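Single-structure report; data block below.
The values are calculated or read from the model by the stated rules, or taken from the named source; none is laboratory data. Because the structure is predicted, anything quoted here is derived from the model rather than measured. Here the Cβ is made from the backbone with ideal geometry for all residues, glycine too, and neighbour counts use every protein chain on show. The area values use the complete protein model at the heavy-atom level, side chains included, leaving out ligands, DNA and RNA. Shrake-Rupley method; radii C 1.70, N 1.55, O 1.52, S 1.80 Å.
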Amino acid sequence: MTFDDRLKNVSIVGAAGKMGSGIALLLAQEMVTQKLKPENKNQIYRLHLIDVNESALDGLQSYLKSQLVKAGEKVTGMLRELYKEHADLIENYDVIDAFVNDAMSVLRLGTDLGAVKDSKIIFEAVLEDKDLKVSLLKNMEKMVSPDTVYFTNTSSIPISVLNKDANLGGRIIGFHFYNPPAVQRLVELISPESTKPELKDMALEMAKRLRKKIVPSNDIAGFIGNGHFLRDGLYAIREAKKLAGEYTLPGALYAMNKVSQDLLVRPMGILQLIDYVGVDVYQCISVTISGYLQGEDLKDDLLAKMTQKKVLGGQFADGSQKNGFLKYEKNRPVGIYDADKGEYKMFDPNGWSGEIDKKLGAYPQGFYPWRSLLMDPKKGEKLSAFFKNLNASDTPGAKLAKGYLKNSKSIGEFLVKTGVAKSAQDVNDILLNGFYHLYGPINDYV
Amino acid sequence: MRKLRKPVYATAGYNTISFGSGRKEFNPKKARPGLEEYITEAGKGVIAQINDPNNIDEGIISNFMAARFNHQGNLAAMIPMVHPSLEYKPCTRVEGACGSGGLGLYTAVKSVLSDVSDVALAIGVEVQNSVKAVYGADILAGAGHFRGERKEGHVYFFPAKFSDRAGACYQKFGYDYVRKGMAHWYAQAIIHARKNPKAQEYHNSIEDLIATGMTPPNSKAFCEHINVYDCSKVSDGASALIFASEEGLKKIGLTKKDAVEVVGWGQSQADISKKPDELTKLTTTRRSVEKAYEMSGIGPKELGFLEVHDCFTIGGLLHLEATGVVGYGEAAAFVAEGKTAINGEMPTNATGGLVGFGHYTGGTGTRQAVDILHQLIGKAGDCQVEIKSDRPYGMLISMGGNDRTVTCMIFKPAV
């Protein structure tokens, strides 16, 4: 069976979630593009979008429709070509509308897992819970044909564990998208020895079709992306706890978030990133990874406490940010969580947060925010110059930043040393492409 | 060609800001003024310059595609919104794609000449930021032949039509030569627009304009032979002015020093279902120019400045050649040598033109007439060109479609 034949019937399980919905959009676009090719004229294409949450499926349908319109608007030239034999489709509006309708007609949304039975490729994007994933895989195995393959979006559970526990005979591969999947170019590919070689070829073809950049990771819990992210975030939280006496805990968390965004020239502060991913998801990853690794404590009581108090971060259905470590207004942080009091302490530039800003000190010369460097062709030179000045500075902010940079680098080196990543380049590629950093953690800046 | 049977004057001009991307205050996510606000602002801008709006005999409104951009037809009925005195006055809407403005001027002049009106208010308007560019391209493609050429046309139908013209010019006169002329046209448009607070590119701060203008065309991202800087932007705005007889001028309390005189025009229509005869020339435009020269009894040597329809930089160059100010294939060099700058030999589009000022399609011809008026009465502000006594004429060319509907009009100071 060719890859194109497999692409005629695909399922996504957990389709209404944040990752599943993005994967659904990418697949819907690719499948309808295939369907519209003259040689596939009478072929039937089906993308089954399965989720336990019925109301979330309604949201998924609206989301896909609006996103397909946007996607069509970006490739209108290609659509005019695809529909050139349709005499009645003349204007850009006509071909975009036809494209959206054709794409929507490929989709079948529902709560019944049985819909997977004829699929030759199944994407699994349910919660990061090994038992749930294994039981789901086992259930599907009873329904599908023996040549069906699974792409799992797990971000932390070893693929070989899922393969063994669900008895899949090597028909599963780790295909880890970054959030949001429709935007982030990176896919972390985890292909342990147990994975069938032809499945790896399929995954590479899939990445090509979905226009994703592949970075391989070895099959060790957390892989490269979360391997770095988890340790990087825990470093910030633990440093904050150490500084709590001097800054108070909310003050120290505020400081670490600020230093990690500004002085490390990242797109957002580390606590904002944890909120974006979801405090509960982050906590779940930390528990999962801790379960597979010995000798390293990757759990944290503050995360557990916040999850317990339902301070979870993540996004509302409209994409706006929910409160987590930080409180948000119009998607901008305006306060920080005080876990002891169970309430948010609002930023006060003329009061406590202004005092901390002052205490952290002036930023070294050559500082540019992340956004202004993003498209700058001279960003390499500018970053080198800035980090040189940062190294020479001994303000409290610079000291925190240097410690942070060193730790981030040592996490990267640890991932290479312990065989999670094959090379420093792979670690850097993940952070550059999956986290939108301007530089890799393994660098000469510190 | 007949001479005008009596003098016709233009006066009391007003332009709104040309609004759209490029203006600092433009935010596509925020609510913006619509047809009502633009028409009213431009109309009131005229009324403020005359003694009594009751003296306006009729209204003419030029617009291309409000029916699709704004779901609004019956635009003549929007003229009485300007002032209660216009209620029950005769009003007409004219349409000739991006040349609608020119047709409005022509219609107003005819009305005064025929003694139907002594004072005709001409308004031109378009509000285009109501849709995304990809759908706006559909709407503007209506200036071409829908049944004959839209299906096989480009996503960006009109840019591609002028891209074809640019490609033909590259082939005939050399890529580097023409490309350089187009880049200089772009640079000049921005430099002129920076002097005009109402121009869409007034806030443009690009440092190296020539390098920007020289950006190599990329057919994957846009069109084969032109880049995005070669194109006028999507604009909202309106312009208005009065055409009046000598009696009309007196009735509204203005004198000839506030006015310019129409000395000739040419309006020509080409068959929309036919392809242009020659891509490196604007033959319909040329015919309109010839008619205007004949009626006014002047030639290119008497022209002091130009307002041409540079919806694309290549169109600007071809218009320049159609005026006869330069010969066939000579415009690129003429522009690159700075001869069309405000202080050059033949100042052209001194307020920025369509590329720099903006292009609210149906209102652009009206805007050109307002700017010629302001130049000839010395009220063009920082965009003022020097009007020489031996060359006191200003010419405008208003073009609809791919050289299909073209009005040329020549003016001189009324005193």
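Structural remarks
- Number of residues in segment A:62-82 that are facing chain B (nearest Cβ under 10 Å) and either part of a loop (DSSP other than H, G, I, E, B) or aromatic (Phe, Trp, Tyr) (or both) equals 1.
- Those residues of segment A:10-20 which are within 17 Å of A:Ala207 (Cα to Cα) and surrounded by fewer than 21 Cβ atoms within 10 Å (Cβ to Cβ), in sequence order: none
- Any chance A:Glu128 is away from every other protein chain (no Cβ under 14 Å), buried (at least 18 other Cβ atoms within 10 Å of the Cβ), touching a residue at least 60 places away in the same chain (Cβ under 8 Å) and in contact with a Phe, Trp or Tyr (Cβ under 7 Å, 6 or more places away or on another chain): no
- Against the conditions (1) open to solvent by 20 Å² or more (accessible area, probe 1.4 Å); (2) within 20 Å of A:Ile442 (Cα to Cα), A:Tyr404 satisfies every one except (1).
- Among the residues listed as B:Pro197, B:Pro217, the single one being touching a Cys at 6+ places or on another chain (Cβ under 8 Å), surrounded by fewer than 24 Cβ atoms within 10 Å (Cβ to Cβ) and modelled with pLDDT of 95 or more: B:Pro217
- Selection of helices (runs of 4 or more DSSP H) fully inside segment A:210-290 by the criterion of at least 3 residues being over 24 Å from A:Ser423 (Cα atoms), in contact with a helix residue (DSSP H, G or I) (Cβ under 7 Å, 6 or more places away or on another chain) and open to solvent by 10 Å² or more (accessible area, probe 1.4 Å) returns A:225-247, A:249-262.
- Selected residue (criterion: farthest from the other protein chains (Cβ to nearest Cβ)) from residues of segment B:132-179 that are open to solvent by 30 Å² or more (accessible area, probe 1.4 Å) and acidic (Asp, Glu): B:Asp176
- When segment B:378-415 is filtered for residues that are in a strand (DSSP E or B) and farther than 13 Å from B:Glu307 by Cβ, the ones remaining, listed by number, are B:Lys388, B:Arg391, B:Gly400, B:Thr405, B:Val406, B:Lys412, B:Pro413.
- Checked against (1) charged (D, E, K, R); (2) open to solvent by 10 Å² or more (accessible area, probe 1.4 Å); (3) in the same structural domain as B:Ile39 (by TED's automatic domain parsing), B:Glu126 passes all but condition (2).
- The residues of segment A:87-99 that are more than 8 Å from chain B (Cβ to nearest Cβ), outside any loop (DSSP other than H, G, I, E, B) and either surrounded by fewer than 20 Cβ atoms within 10 Å (Cβ to Cβ) or hydroxyl-bearing (Ser, Thr, Tyr) (or both), listed by number, are A:Asp94, A:Asp97, A:Ala98.
- Taking the criterion of being polar (S, T, N, Q) and either open to solvent by 60 Å² or more (accessible area, probe 1.4 Å) or not in a helix (DSSP H, G or I) (or both), the residues of segment A:100-125 that qualify are A:Asn101, A:Thr111, A:Ser119.
- None of A:Gly354, A:Gly335, A:Gly342 is surrounded by fewer than 13 Cβ atoms within 10 Å (Cβ to Cβ), under 24 Å from A:Leu303 (Cβ atoms) and assigned by TED's automatic domain parsing to the domain that holds A:Val259 except A:Gly342.
- Among (1) over 25 Å from B:Lys220 (Cβ atoms); (2) in a helix (DSSP H, G or I); (3) more than 14 Å from every other protein chain (Cβ to nearest Cβ), the one test that B:Val116 misses: (2)
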